[in-house]
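The values are calculated or read from the model by the stated rules, or taken from the named source; none is laboratory data. All figures in this text were calculated on a predicted structure; none of them were measured in a lab. With ideal geometry, Cβ positions are generated from the backbone for all residues, glycine too; neighbour counts draw on all protein chains shown. Accessible surface is based on the protein model in full, side chains and every heavy atom, while ligands, DNA and RNA are left aside. Shrake-Rupley method; radii C 1.70, N 1.55, O 1.52, S 1.80 Å.
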Amino acid sequence: MKKIINKKKGFIALIILITVIGIGWYIYAEKAAVSEPFINLYLHDQQKVIGMNLEDYIKGTVAAEMPASFEMEALKAQAVCARTYAVKKLLSDSPYPKGADLSDDIQSCQAYVSLQNFAPQNPKRKELLERINEAVDATRGEIIIYDSQPIDALYCSTCGGRTESSAAVWGGQVDYLTSVKCEDCQESSHYQETTVISNEVIKKAVNDKNNALQIKILSRTPGGRPQKLSINQHQIDATALRKALSLPSNWMEFQISSATTTIHTRGYGHGVGLCQWGANGMAKRGENYHQILQKYYTGVSFYKVDY
């Protein structure tokens, strides 16, 4: 497969070739000299596009997506995830405003912060920046692949003890995004949380006006999370209820009282792919970033783009 991403204003053209037999990656500048890819990033709050080299973008993404105080091997894992996710987006030619290649809007891409604007009030800012630079530079050009293709390197903050399969969350089986047990994210503040919500707010999620509240979990995902629920006999997806109630995850259990319901949740985010707090826990146990990534993405391998 040959994918050409054209750049505006005479910027570097990026050509990525992925062979069907074996794995071949070649990145060319406009005159065929090997060069680091150049991307245009849409800043959604400012509604403008800025240009930068891909590795500089990865540093800004790592800075925005993972605490820089995390273990170095966890930061390296995040860097490889962020790079792979970006390359996957570039290959899919995802549409972004103003013709940009990528966006800093987490609803459609990854977060990003310029290193100039990173943690300006933190007294350890210099040390944290050095850690980010080290993690990205040490994994320069490295991506995760499955079946000779870059993977959709999804990740979440905290899985709560077990990651979720992509099929359970969005439908559609992805072989490397399966549910795996995680015993390393207990240090996250989101590992277990409790939220108390008015019964009226919960009933409003299904437009129910009964006085009493009944909640039943009708089905669960392979990872143990509720999938389908019944609220006063109105069915609702757990993902939709999570959004309606602004809960940290859809891994929830309910304790109903006369006026309020206590909801116990586990994890933060969709739970698919890399668990960032789990990665940090694994790194603390001495696991390297390849071992971390191969735990959370089933059957993957790695390829280093030499630019």
Subject >> Leading residue by the ranking (surrounded by the most Cβ atoms within 10 Å (Cβ to Cβ)) among those in the range 152-174 that are within 20 Å of C109 (Cα to Cα) and polar (S, T, N, Q) >> reply: T158
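For the range 239-253, state whether one or more residues are touching a helix residue (DSSP H, G or I) at 6+ places or on another chain (Cβ under 6 Å), open to solvent by less than 40 Å² (accessible area, probe 1.4 Å) and not in a helix (DSSP H, G or I). Working first, answer last.
Initial filter on the range 239-253 (touching a helix residue (DSSP H, G or I) at 6+ places or on another chain (Cβ under 6 Å)): 250.
Next, only the ones that are open to solvent by less than 40 Å² (accessible area, probe 1.4 Å) stay: 250.
With not in a helix (DSSP H, G or I) added as a condition, the list becomes 250.
The answer is yes, given that some residue of the range 239-253 is touching a helix residue (DSSP H, G or I) at 6+ places or on another chain (Cβ under 6 Å), open to solvent by less than 40 Å² (accessible area, probe 1.4 Å) and not in a helix (DSSP H, G or I).
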Original post:
Which residues, counting only those in the range 258-299, are open to solvent by less than 50 Å² (accessible area, probe 1.4 Å), of a type in the set (A, V, I, L, M) and over 17 Å from the mean Cα position of the chain (by Cα)?
Top reply: I263, M282, A283
**OP:** Taking V206 as meeting all but one of (1) touching a Phe, Trp or Tyr at 6+ places or on another chain (Cβ under 9 Å); (2) open to solvent by less than 40 Å² (accessible area, probe 1.4 Å), write down the number of the exception.
**Re:** (1)
Original post:
Do you know which of the residues in the range 50-66 that are surrounded by 18 or more Cβ atoms within 10 Å (Cβ to Cβ) and among the β-branched types (V, I, T) is farthest from the chain's Cα centre (by Cα)?
Top reply: I58
Original post:
Pairs under 7 Å by beta carbon, first residue within 29 Å of E183 (Cα to Cα) and in contact (Cβ under 8 Å) with a residue 12 or more places away in the chain in the range 249-268, partner of a type in the set (D, E, K, R) and not in a loop (DSSP other than H, G, I, E, B), six or more apart or different chains?
Top reply: S249/R242; N250/R242; H264/E253; T265/E193
Original post:
So which residues in the range 175-193 are open to solvent by less than 40 Å² (accessible area, probe 1.4 Å) and of a type outside the set (D, E, K, R)?
Top reply: Y176, L177, T178, S179, V180, C182, C185, S188
